[in-house]
1. Using beta carbons and a limit of 9 Å, which pairs, at least six apart or on different chains, have the first residue in the stretch 60-71 and free of Cβ contacts under 8 Å to residues at least 40 places away in the same chain and the second one acidic (Asp, Glu)?
2. Could you list all residues from the stretch 35-55 that are in contact (Cβ under 8 Å) with a residue 12 or more places away in the chain and surrounded by fewer than 20 Cβ atoms within 10 Å (Cβ to Cβ)?
3. Kindly indicate the residue of the stretch 212-228 that is within 15 Å of the chain's Cα centre (by Cα) and assigned to a helix (DSSP H, G or I) and also farthest from residue 171 (Cα to Cα) among those meeting that condition.
4. Can you find even one residue in the stretch 109-128 that is farther than 27 Å from residue 221 by Cα, buried (at least 17 other Cβ atoms within 10 Å of the Cβ) and either in contact with an Asp or Glu (Cβ under 8 Å, 6 or more places away or on another chain) or modelled with pLDDT under 80 (or both)?
5. What are the pairs with Cβ atoms under 8 angstrom where one residue, in the stretch 224-241, is crowded, with 16+ Cβ neighbours inside 10 Å and the other, located anywhere, is among the polar types (S, T, N, Q)? Sequence gap at least six, or different chains.
6. If the requirement is being without any contact (Cβ under 8 Å) to a residue 60 or more places away in the chain, crowded, with 16+ Cβ neighbours inside 10 Å and either of a type outside the set (A, V, I, L, M) or not in a helix (DSSP H, G or I) (or both), which of these qualifies: 203, 175?
7. Does the stretch 219-231 include one or more residues that are out of contact with any Cys (no Cβ under 9 Å at 6 or more places or on another chain), of a type in the set (Asp, Glu) and under 25 Å from residue 94 (Cα atoms)?
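The values are calculated or read from the model by the stated rules, or taken from the named source; none is laboratory data. Nothing here was measured: the structure is a model prediction, and the numbers come from that model. Counting neighbours? That spans all protein chains shown, and the Cβs are built from the backbone with ideal geometry, glycine included.
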Amino acid sequence: MPEDRVSAPQFPPTRWSVVLTASGDGSQARAALDELCRLYWFPLYAFARQKGWSAEDAEDATQDFLAGIAAGDLLASAAPDRGRLRTFLLAAFQRDLIDTHRRATRQKRGGSTGFVPLESIDAEARYHSTTALDSPAATFDHAWAVTCLDNAASLLGAEYEARGRASLFEALRPFLDPQAESDYAAVAQATGLDPNAVRQAVFRLRQRFRTLLRQTIADTLQTPTDPLIDEELAALRTALAC
């Protein structure tokens, strides 16, 4: 096996089948909920901000909503045929935002909702750095798409790091952008590989990234068939094009 080829990752259990049955007690359930909250925190926050909520209130609303998920308040009543996790969560979040009682009794930041450390998220700066879109829903979809890409890239980077190839991944990472110029010679000089080896490494990098992106999408579908994954990938491309 070539030195820069990497092994399959261990995916966190984020499928509907796990999330819907999670009681919050087992380690697998906790990992599923933590991953769900991490992936959807910013898309939900961006949706609330685009709806006109202040930065502080959007943080509170998002934390409170995800705290309800972690406590099983929402997912316990979720129908297993909802299909797409992102559309279910957005619909539920919209209902939560207009629930005046929940807003009035919302637990403020810094409470027991420790699954997303706020100090590690500069959400407002990230929100202002995103492209201004026409609607809160479009903002959510765009943030969801970027989060999926970031998650797949993080998984890929972890694979390379596990093999002691983190520096190679950092050198090759710009090639994940399909618009990136193919300056194989510069990477060859930086890594000590010959240009042809760099070309092959980029090909493997992109192949593996596509696989990880499909897996990221699959983990948000109740029945992740290839056609459904393809539909979600098409939705992702549409959201990024906005």
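1. Matching pairs, first to second residue: 65/96; 68/96.
2. Correct list: 35, 38, 51, 53, 55.
3. The extreme case among them is 218.
4. There is no residue in the stretch 109-128 that is farther than 27 Å from residue 221 by Cα, buried (at least 17 other Cβ atoms within 10 Å of the Cβ) and either in contact with an Asp or Glu (Cβ under 8 Å, 6 or more places away or on another chain) or modelled with pLDDT under 80 (or both).
5. Final answer for the pair search is 232/220.
6. After applying the criteria, what remains is 175.
7. The answer is yes, given that some residue of the stretch 219-231 is out of contact with any Cys (no Cβ under 9 Å at 6 or more places or on another chain), of a type in the set (Asp, Glu) and under 25 Å from residue 94 (Cα atoms).
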